[in-house]
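Engineer: Pasting a structure below so you can have a look.
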Amino acid sequence: MALALEDRLAITELVSLHGHLVDDGSLGRLAEVFTSDVVYDLTDFGQEPLNGLLAVREAAWALGAANPVAHHVTNVVVTASPDGLVRVRSKGLGIRADGTCGSVSYEDTVVRTAEGWRISHRKVSVRRAPLGGMTRSD
Amino acid sequence: MALALEDRLAITELVSLHGHLVDDGSLGRLAEVFTSDVVYDLTDFGQEPLNGLLAVREAAWALGAANPVAHHVTNVVVTASPDGLVRVRSKGLGIRADGTCGSVSYEDTVVRTAEGWRISHRKVSVRRAPLGGMTRSD
Amino acid sequence: MALALEDRLAITELVSLHGHLVDDGSLGRLAEVFTSDVVYDLTDFGQEPLNGLLAVREAAWALGAANPVAHHVTNVVVTASPDGLVRVRSKGLGIRADGTCGSVSYEDTVVRTAEGWRISHRKVSVRRAPLGGMTRSD
C-alpha cells in the first residue's frame, strides 16, 4: 500500500522533531514522537532495550551531560512494507561539546495514532567502521 | 490553516538553499532566501540583530575566513500557526576547516512573496550544552 | 516542466539512500541509486571521472578503511531544468572514525528509469574554504 505524500512528510518531520525536543531538554514532550509503549533497542551499545516512553526519558536524563549537545537527523527514507508496517531509516549525527561527531543509524517502525504518527520501535546502531566493516571479499 | 504540500517542500528547499549559496560565496543571490527587510537575530551571540539583507550579506563578508567551510541544514519542521504565520525550525551544522563542527538552531518565520517563499525573520541559537542545559529537576 | 511532488520526494530519498547503502557496505545494491553508465566526476580530487557503476563500486572497495564511517546527506534541492533534465544539489558530510568531518557538495543529474529515479551523473566538490574562497571584492 502506497503511503500518501502528506504521511511521508509528517513522518520525516516526526523523526526531525526528536532532535529539537532532546536538544531543548523538552523531554516532557517526547510523547509527540514516541508511543507510550515504545521499544528503544540499544543492544548495539551492549545495553538492554528500553521499554516505554518513561524509560526513554529517564535514560536521557541519566545520561545528562554525556548527551551530545545536538542531534542532527539526515537521510530519511520511508518505506511502507507489504505487511502494512511503515519503516523508516535515518541517520543521526551527534555533536559533542568538543566539536567532534558520532554517527548512528536509526531503524524505526512508525504507527498512525489518533494524535498523528509516532515511533513505536527504534533500533539504534553505531557507525564504527567504513562500509559497515565489509570488504570486497565479503 | 493547513499548508499545501508544495509549499512545505518549497520552504524546506528554501532553508536548504541558504547553505549552498553561502558556501559558494554567492552572497549576491541571498535575495532568493531572505526578504529585503529580514531581521537576523544574533542576540544569542551577544550581538545586535542584523536589519535587512544588505546587513546580513555584509556580516558574512566581514566574518570572512572565520565562516564555516560548509553549512548543513537538517531537522526541518514547518508549522503553520493559527495566527497565519508560517514558522520553521531547523538545525544548522557548521563544518570548520579543521574538521570540527558547531551546531545551531534556526527559528525562522517565512512569508510568501511574488517570487516565492522567503525568510523574513531568523533567530540563531548556539547549542552549547546537552539537553539545552536542563536537568531532571528543572 | 514542473516535477510532481512524488517525484521530488522520491529523488530526495534516492540521494539519501546512497548513504545507507555505502555505510552498510551494501555496494551490490548501488544499482538502486545509480544508472549502470553513471559518470562519477572526481576531477575536484585530481582524479579521472569514474565511468559506470562497476567503477564506482570498485573505487569504494579500493578506498576501504579510508572511507568515512558515515555519509550524511543534507540540503537537497531538486530543480527541473527547462532542457528537461532534473538536477539535484545536495551536501554530503563524511564522518571519520576519529569524529572529525569533511564536507562535499554533490551536483547530480537524475533520470527516470523503469525501476525509478537514478543518478546518471554526479560531480563531487570538496568544501575547502569558507564562502567558497570568495571575498567581498570578487
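Quick note: the coordinates plus some simple rules give every number you see, no bench work behind them. Treat the numbers as computed from the prediction; the structure is a model and nothing was measured. For neighbour counting, all protein chains shown are included, and Cβ atoms are generated from backbone atoms with ideal geometry for every residue, glycine included.
Engineer: What would the Debye equation give as log₁₀ I(q)/I(0) for segment A:13-94 at q = 0.24, 0.27 Å⁻¹, counting only Cα atoms as equal point scatterers?
Structural biologist: Debye intensities relative to I(0), on a log10 scale: -1.47, -1.56.
Engineer: Percent relative contact order of segment B:9-135, based on C-alpha pairs within less than 8 angstrom and at least six residues apart?
Structural biologist: Contact order relative to length: 24 percent.
Engineer: Let me ask something additional. What is the mean number of Cβ atoms from other protein chains located within 10 Å of the Cβ atom of each residue in peptide B:89-98, rounded to a whole number? Before the final figure, lay out each step's value.
Structural biologist: Values: counts 6, 4, 11, 3, 12, 3, 10, 5, 4, 3.
What the average comes to for B:89-98 is 6.
Engineer: At 222 nm, what value in deg cm²/dmol follows for chain C if DSSP H runs of at least 4 each add -39500 (n - 2.57) and the sum is divided by all its residues, to the nearest 500?
Structural biologist: After summing the helix terms and dividing by the residues of chain C, the value is -7500 deg cm²/dmol.
Engineer: Additional query: Check C:Leu42: other-chain or 5+ apart residues with amide H under 5 Å from its amide H, H built from backbone geometry?
Structural biologist: C:Leu50
Engineer: Radius of gyration and Dmax for the protein assembly as shown's Cα atoms, expressed in Å?
Structural biologist: Values for the protein assembly as shown (Cα only, Rg and Dmax): 20.6, 59 Å.
Engineer: I would also like to ask the following. Summing +1 for each Lys or Arg and -1 for each Asp or Glu, what net charge is found among the other residues whose Cβ lies under 10 Å from the Cβ of C:Ala97?
Structural biologist: Around C:Ala97, the charge tally is +2.
Engineer: Please give, to one decimal in nm, the separation of the simple spin-label points placed at A:Leu54 and B:Ala129, each 7 Å out from Cα toward the Cβ.
Structural biologist: So the two model labels end up 2.7 nm from each other.
Engineer: Average the reciprocal distances over every distinct pair of alpha-carbons in segment C:1-56, invert the result, and give the Kirkwood radius in Å.
Structural biologist: Details: mean 1/r = 0.0788 Å⁻¹.
Answer for segment C:1-56: a Kirkwood hydrodynamic radius of 12.7 Å.
Engineer: Next question. Please go through the residue pairs A:Lys123/C:Lys123; C:Lys91/C:Lys123; A:Lys123/C:Lys91 and name each one whose alpha carbons sit more than 23 Å apart in this structure.
Structural biologist: Violating the 23 Å Cα-Cα cut-off are A:Lys123/C:Lys123; A:Lys123/C:Lys91.
Engineer: Whose amide H sits under 5 Å from the amide H of C:Arg127, counting only residues 5 or more places off or on another chain, with H placed in the peptide plane?
Structural biologist: Sorted by chain and number, the residues that satisfy this are C:Ser103, C:Val104, C:Ser105.
Engineer: Hey, with R₀ at 41 Å, roughly what FRET efficiency would B:Ala66 and B:Ser36 work out to, going by the Cβ-Cβ distance, to 0.05?
Structural biologist: Efficiency computed from Cβ-Cβ geometry: 0.95.
Engineer: Given the convex hull over the Cα atoms of chain C, what projected area results after averaging over all orientations, in nm²?
Structural biologist: Approximately 9.8 nm², given one-decimal rounding.
Engineer: Using a label point 7 angstrom from Cα along Cα-to-C-beta, what distances in nm, from shortest up, separate C:Asp98 from the other copies?
Structural biologist: Going from nearest to farthest copy, the values are 1.2, 1.2 nm.
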